[in-house]
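**Student:** The following block contains the structure, expressed as structure tokens.
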Amino acid sequence: MPSFSHFFQTFIESYPVFFKGMLLTLQVTAVSILIAIFIGLFFALLKISKVKVLEVIANFYIYIVRGTPLIVQIFIFYFGLSEMNISGFWSATLALAFHNGAYIAEIFRGTIQSIDKGQMEAGRSLGMTTALTMRRIILPQAFRRALPPLGNQFIIGLKDSSLAAFIGMYELFNVATTAGSNNFDSMTYLLIVAVYYLILVFLLTAVVSVMENKLSASD
Amino acid sequence: MSDKREMIKIEKLNKKFGDLHVLKDVDMVVKENDVVVLIGASGSGKSTLLRCLNFLEIKNDGKIIIEEKEINPKSDNLNKVRERVGMVFQHFNLFPHKTVLENVIEAPTMVKGMNKAKAIQEGKELLDKVGLADKANVYPSKLSGGQKQRVAIARALAMKPDIMLFDEPTSALDPELVGEVLSTMKQLAKEGMTMVVVTHEMGFAKEVADWVFYMHDGRIVEVGHPQDLFNNPKEKRTQDFLSSIL
Ligand SMILES: Nc1ncnc2c1ncn2[C@@H]1O[C@H](COP(=O)(O)OP(=O)(O)OP(=O)(O)O)[C@@H](O)[C@H]1O
Ligand SMILES: [Mg+2]
């Protein structure tokens, strides 16, 4: 184990390159999660559509994501998309979005179905269409209920973005392993990168809980 | 009185849930300004009948004529029908993420495209009418059951329906809160609203109803003015039911 003063000094000195890696990690995570929310919502709606084909499509997607390792998904996206001249950044981001989308679909499906069915009936009885009631009445409530598990999924997504290192993204984890082997000091750099991840997870948790509080005004 | 418009007319209405035959050849006429009270034992099909009237359930067979036009669930726009037929539920079903006023203006603004300022003004008038003007900006979770139900009534009225359906509007309320909801409904009846009410509140039926329908096992067994039906029920099953609840 490195001494604390060595760790601390290296932490300070390596700050500029870790900071760049952190920005890339944040970009990959934020963009992939944002896309994953839309993918998740889309497949959640397919799952509850009561249209058999659509349910089968959604289940198939979720089955594929759950049944294969994320690293395999990332490489498939990377090799598949690079043929279309799509950058590594987008390969990693889209692969992560594809992956997280399946888990987020399950989260949304669960919370949408947890909303009392009287809510849909009330909307319908007022002349609102199913789609309008879904958008104005059900989804806002379902989204609020989804926040805690979504926050959890965001954290997983943030940590999983480290796998983008394997397709050459110079994000946090790649910065750490590269600097570690260049300086023959892997342990120090791995401990440093662990601290970066802990800080990011801490901040993400805080953001989610602020959102939860904001949305709980009606309780 | 016989020249009043027929607001609801149903003929030989049948509804099944799978093998369960819930409504059997139900006939019913509700004229303009009438208050009809539906009574009957649990499971007799009262809610199902009410829900067929605004097409939350779709009949298997028979005719449903709303304001002199037969409604075909396959070809007619049911949302348009529901705009004219308001419904109040046993469990209120207020939108918990919206304030009281937002609950009331949701459908007028989103369905009818009413200008928001106008919807707010009308919404406040309705809340005033149900005695809840001071609660406009609170969320439903802060209201008592009776207050919630009065908001639900205001919300339905905001669409300016021609007919109002009530499915056991006071059954989920603590006894001391029943009165405030019933008096709101009486007020509505006095203003001439056409109403179909499922309730166990016989006092309300005696005082307000023009007609009482007794349902048993999916059929309308007896229809009469409240004083006749309650005091001199003709059918044995009506007599048994009334003696069981009184
Ligand atoms: N969606 C449904 N699917 C299957 N069966 C149903 C459904 N809704 C109602 N039923 C059945 O239909 C019958 C009539 O139900 P309904 O709710 O209309 O009775 P009710 O007279 O309103 O009774 P209560 O006084 O308990 O509210 C019952 O046997 C009920 O179990
Ligand atoms: Mg019922």
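**Student:** Quick test for you: out of B:ASP167, B:ASP162, pick the one residue that is at pLDDT 95 or above, more than 19 Å from B:ASN33 (Cβ to Cβ) and surrounded by 14 or more Cβ atoms within 10 Å (Cβ to Cβ).
**Tutor:** The unique qualifying residue is B:ASP167.
**Student:** Still on this structure, please answer the following. Could you please tell me which pairs satisfy a Cβ distance under 8 Å, a separation of 6+ or placement on different chains, a first residue in the range A:184-197 that is aromatic (Phe, Trp, Tyr), and a second residue that is outside any helix (DSSP H, G or I)?
**Tutor:** A:TYR189/A:SER14; A:TYR189/A:ASN183
**Student:** Oh, and also: Specify the residue that is most open to solvent (accessible area, probe 1.4 Å); the eligible residues are those in the range A:57-97 that are in a helix (DSSP H, G or I) and more than 24 Å from A:GLN153 (Cα to Cα).
**Tutor:** Per the criteria, the residue is A:PHE79.
**Student:** Would you pick out the residues in the range B:33-48 that are outside any strand (DSSP E or B) and either within 14 Å of another protein chain (Cβ to nearest Cβ) or more than 9 Å from ligand 2 (Cβ to nearest atom) (or both)?
**Tutor:** B:ASN33, B:ASP34, B:ALA41, B:SER47, B:THR48
Here is a yes/no grid of residues against (1) at pLDDT 95 or above; (2) closer than 19 Å to B:GLY86 by Cβ:
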residue: B:ARG5; (1), (2): no, yes
residue: B:LYS15; (1), (2): yes, no
residue: B:HIS21; (1), (2): yes, no
residue: B:MET28; (1), (2): yes, yes
residue: B:VAL35; (1), (2): yes, yes
residue: B:SER44; (1), (2): yes, no
residue: B:ASN54; (1), (2): no, yes
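**Student:** Going residue by residue through the range B:46-54, is there one that turns out to be within 29 Å of B:GLY203 (Cα to Cα), charged (D, E, K, R) and within 13 Å of ligand 1 (Cβ to nearest atom)?
**Tutor:** yes
**Student:** So which of B:LYS142, B:LYS148, B:LYS129 ends up being farther than 30 Å from B:LEU20 by Cβ, surrounded by fewer than 16 Cβ atoms within 10 Å (Cβ to Cβ) and away from ligand 2 (no atom under 16 Å from the Cβ)?
**Tutor:** Result of the check over B:LYS142, B:LYS148, B:LYS129: B:LYS142.
**Student:** Please specify each residue of the range B:98-115 satisfying the condition of being part of a loop (DSSP other than H, G, I, E, B) and without any contact (Cβ under 8 Å) to a residue 12 or more places away in the chain.
**Tutor:** B:GLY113, B:MET114, B:ASN115
**Student:** Only one residue in A:GLN153, A:GLN113 is farther than 23 Å from B:CYS52 by Cα, crowded, with 19+ Cβ neighbours inside 10 Å and either facing chain B (nearest Cβ under 10 Å) or under 23 Å from the mean Cα position of the chain (by Cα) (or both), so which one is that?
**Tutor:** Exactly one residue qualifies, and that residue is A:GLN153.
To keep it simple, each residue is scored yes or no on (1) surrounded by fewer than 18 Cβ atoms within 10 Å (Cβ to Cβ); (2) within 14 Å of chain B (Cβ to nearest Cβ); (3) of a type outside the set (D, E, K, R).
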site	(1), (2), (3)
A:ALA122	no, yes, yes
A:LEU132	no, yes, yes
A:ARG135	yes, yes, no
A:ARG144	no, yes, no
A:SER181	yes, no, yes
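**Student:** Which residue is farthest from the other protein chains (Cβ to nearest Cβ), if the candidates are limited to the range B:134-151 and must be assigned to a helix (DSSP H, G or I) and under 23 Å from the mean Cα position of the chain (by Cα)?
**Tutor:** My answer is B:GLY146.
**Student:** Within the range B:75-91, work out how many residues are over 26 Å from B:GLN147 (Cβ atoms), in contact (Cβ under 8 Å) with a residue 12 or more places away in the chain and either buried (at least 19 other Cβ atoms within 10 Å of the Cβ) or over 14 Å from the mean Cα position of the chain (by Cα) (or both).
**Tutor:** Total meeting the criteria: 3.
**Student:** Restricting to the range B:12-30, what's the tally of residues that are in contact (Cβ under 8 Å) with a residue 40 or more places away in the chain, open to solvent by 40 Å² or more (accessible area, probe 1.4 Å) and either under 19 Å from the mean Cα position of the chain (by Cα) or near ligand 1 (Cβ under 10 Å from one of its atoms) (or both)?
**Tutor:** The total comes to 3.
**Student:** Something else now. Do you know which residues across the range B:72-90 are within 16 Å of ligand 2 (Cβ to nearest atom) and either in a helix (DSSP H, G or I) or in contact with a Lys or Arg (Cβ under 9 Å, 6 or more places away or on another chain) (or both)?
**Tutor:** B:MET87, B:VAL88
**Student:** Just the residues that are of a type in the set (D, E, K, R) and touching a residue at least 40 places away in the same chain (Cβ under 8 Å), please, taken from the range A:16-51.
**Tutor:** A:LYS20, A:LYS47
**Student:** Ok, one more. From A:GLY40, A:GLY67, A:GLY21, which residue is under 29 Å from A:LEU191 (Cβ atoms) and at pLDDT 95 or above?
**Tutor:** Within the list A:GLY40, A:GLY67, A:GLY21, the selection yields A:GLY21.
The values are calculated or read from the model by the stated rules, or taken from the named source; none is laboratory data. Because the structure is predicted, anything quoted here is derived from the model rather than measured. Positions of Cβ are generated from backbone atoms using ideal geometry, with glycine treated the same way; all protein chains shown enter the neighbour counts. Calculation scope for accessible area: heavy atoms of the full protein, side chains included, ligands and nucleic acids excluded. Shrake-Rupley method; radii C 1.70, N 1.55, O 1.52, S 1.80 Å.
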